[in-house]
Amino acid sequence: MHCNGDVQRSSGASLSNQSCMNCFASFVLAQAKIDMSEKKVNRLLYTNPASSNAWRVEIALLEKGIPYDKKNIDLIGGEQKKPEYSQIAPRQQVPFLQDGDVTVYESCAILEYLEAFYKDKSLIPQNRQDHATVLTRIHEYEQKLDSKNILASIVFRKMTKEQLQSKITELLDELKVWDKHLEGRQWFANTFSIADIAVFPLISICVDVLGLNVSKYPNLSKWHKAMSERDSVKKSSRVPEWQKWGNFTSFLAE
């Protein structure tokens with residue numbers, strides 16, 4: 001900031017002082033506008049406090065330190081089917097991220113989008129093999145593990161343990177594969193990554209809601225404990241909401 005005028009001169013000193021004060025005031029106002037602009041968040045996550053898919057997105061945003069606002073969509077009340085939401089979210093699901101002019105949905109796609117465009121705190125390793133492992137685990141999760149989630153069948157379809165027995169067996173067998181993936185390592189790709197974030201909500205459902213004896217899966221057990229202790233997971237946890245639905249701990253109890 002520079003002000004013209006010699007404040008040491010007696011002639012015109014008042015005018016010079018006033019000019020500097022006006023200049024300083026303009027500078028402060030301009031700086032305040034910049035600060036307000038920087039603090040304004042133009043990023044909105046449509047979510048639900050019980051959605052495991054939305055949980056992984058919130059974990060990623062918190063881990064990366066990306067500021068965001070959120071709007072809870074009442075899925076039980078059918079808000080997702082109303083025109084206001086269905087016009088912007090064609091699948092009528094959460095999560096749905098509005099990032100400025102960009103929209104993206106499908107939770108794992110959002111994780112990869114955040115990694116591609118917000119690189120300050122990377123959650124994907126640069127080592128080529130570890131990078132490849134992250135992508136493999138994410139898509140392996142989508143194809144092999146996510147389809148074995150039985151919580152919706154229990155809560156919304158009111159299916160019993162006996163009716164779900166074959167699916168429970170498939171789920172437990174699949175968990176053995178994921179336990180082996182963690183053999184000799186703390187995280188799925190050696191360092192904490194979006195692969196861990198992608199997988200965690202479903203494992204949390206198994207352990208914290210459905211009563212899985214995770215000690216039978218020693219590598220998953222240590223990993224689940226480490227994930228549960230992360231601040232991002234604690235701040236965005238869905239477990240208390242799930243537990244309001246009832247006691248389902250007998251479903252995976254052996």
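The values are calculated or read from the model by the stated rules, or taken from the named source; none is laboratory data. In this text, all values refer to a predicted model and were calculated from it rather than measured experimentally. Note that each Cβ is placed from the backbone with ideal geometry, even for glycine, and that neighbours are counted across all protein chains shown.
Side notes on the structure shown:
- Residue, surrounded by the most Cβ atoms within 10 Å (Cβ to Cβ), within the range 123-134, restricted to residues that are of a type outside the set (Val, Ile, Thr) and more than 11 Å from LEU111 (Cα to Cα): PRO125
- Taking the criterion of being touching a helix residue (DSSP H, G or I) at 6+ places or on another chain (Cβ under 7 Å) and over 18 Å from ASN53 (Cβ atoms), the only residue of the range 84-119 that qualifies is TYR118.
- Condition check for TYR113: hydroxyl-bearing (Ser, Thr, Tyr), under 22 Å from LYS234 (Cα atoms), without any contact (Cβ under 8 Å) to a residue 60 or more places away in the chain and not in a loop (DSSP other than H, G, I, E, B): no
- Hey, ASP179 over 20 Å from the mean Cα position of the chain (by Cα), exposed (fewer than 13 other Cβ atoms within 10 Å of the Cβ), in a helix (DSSP H, G or I) and of a type outside the set (Gly, Ala, Ser) or not: no
- Here ALA54 qualifies as within 11 Å of the chain's Cα centre (by Cα) and surrounded by 18 or more Cβ atoms within 10 Å (Cβ to Cβ).
- Consider the range 182-228 and keep the residues that are aromatic (Phe, Trp, Tyr) and more than 17 Å from the chain's Cα centre (by Cα). The one that is surrounded by the fewest Cβ atoms within 10 Å (Cβ to Cβ) is TRP187.
- Some residue of the range 89-108 being part of a helix (DSSP H, G or I), under 24 Å from ILE194 (Cα atoms) and in contact (Cβ under 8 Å) with a residue 12 or more places away in the chain: yes
- Residue match in the range 64-78 (condition: part of a helix (DSSP H, G or I), modelled with pLDDT of 95 or more and in contact with a helix residue (DSSP H, G or I) (Cβ under 9 Å, 6 or more places away or on another chain)): yes
- Screening LYS144 against (1) in the same structural domain as TRP187 (by TED's automatic domain parsing); (2) in a loop (DSSP other than H, G, I, E, B) leaves a single unmet condition, (2).
- In the range 65-82, the residues that are in contact (Cβ under 8 Å) with a residue 24 or more places away in the chain reach residues that are of a type in the set (A, V, I, L, M) with C-beta atoms within less than 6 angstrom, at least six apart or across chains, in these pairs: PRO67/VAL41; TYR68/LEU45; TYR68/LEU61; ASP69/VAL41; ASP69/LEU44; LYS70/LEU45; ILE73/VAL94.
- Residues of the range 184-216 that are touching a Leu at 6+ places or on another chain (Cβ under 6 Å) and assigned to a loop (DSSP other than H, G, I, E, B): SER193, LEU210, GLY211, LEU212.
- The set of residues from the range 142-185 being over 23 Å from SER215 (Cα atoms) and in contact (Cβ under 8 Å) with a residue 12 or more places away in the chain comprises GLU142, SER153, ILE154, VAL155.
- For the range 220-236, a residue qualifies if it is in a helix (DSSP H, G or I) and out of contact with any Leu (no Cβ under 8 Å at 6 or more places or on another chain), and the qualifying residues are SER221, HIS224, LYS225, ALA226, MET227, SER228, VAL233, LYS234.
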